[in-house]
Amino acid sequence: MTATKYDNFTREELISTVVLLSTELEQIKRLIYGSKSERFITPVNINQATLELEIPVVETPAPSVETITYERVKKPSSVSVHPGRNPLALIFPE
């Protein structure tokens, strides 16, 4: 039998190692197989300081308004007469 690094550990140390590895395995499985969501909302930490950045506000100019007028000549509408539904094929029973 080959020697491992766990040969000199006591029973309590081995048990604590097994418990530690089991919890790590559960966390990894939860990360891999757990429910996923693209929506991530970070909790707001009141104790966290905010950055006071001096970002100048750029005012955008008002968009220019352009009025366009034109005339359109409509063609006389030709009312098409629809002949109705086509008769069913003879293979279908009535």
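With each run of n ≥ 4 DSSP H residues scored as -39500 (n - 2.57), what mean residue ellipticity at 222 nm is computed for the chain after dividing by its residue count and rounding to the nearest 500 deg cm²/dmol?
-8500 deg cm²/dmol
Which shape class applies to the chain: rounded if a/c is under 1.5, otherwise prolate when a/b exceeds b/c and oblate if not, where a ≥ b ≥ c are the square roots of the Cα gyration tensor eigenvalues?
oblate
Given a Förster distance of 30 angstrom, what is the FRET efficiency for residue 58 paired with residue 36, based on the Cβ-Cβ distance and rounded to 0.05?
Once rounded, the FRET efficiency stands at 0.20.
Could you order the peptides 20-28, 78-86, 66-74 from most to least packed, using the average number of other C-beta atoms within 10 Å per residue?
20-28, 78-86, 66-74
Can you tell which of 17, 34, 79 lies farthest toward the positive end of the dipole of the chain, using +1 and -1 charges on the Cβ of basic and acidic side chains (Lys, Arg; Asp, Glu)?
79
Leaving out same-chain residues fewer than 8 places away, which lysines sit with a Cα under 19 Å from that of residue 5?
Answer for residue 5, where 19 Å is the Cα cut-off: none of the lysines qualify.
Each reported figure results from applying straightforward, stated rules to the coordinates on display, with no laboratory input. Since we're looking at a predicted model, the values are computed, not measured. Ideal geometry is used to build each Cβ from the backbone, glycine not excepted, and the neighbour counts take in all protein chains shown.
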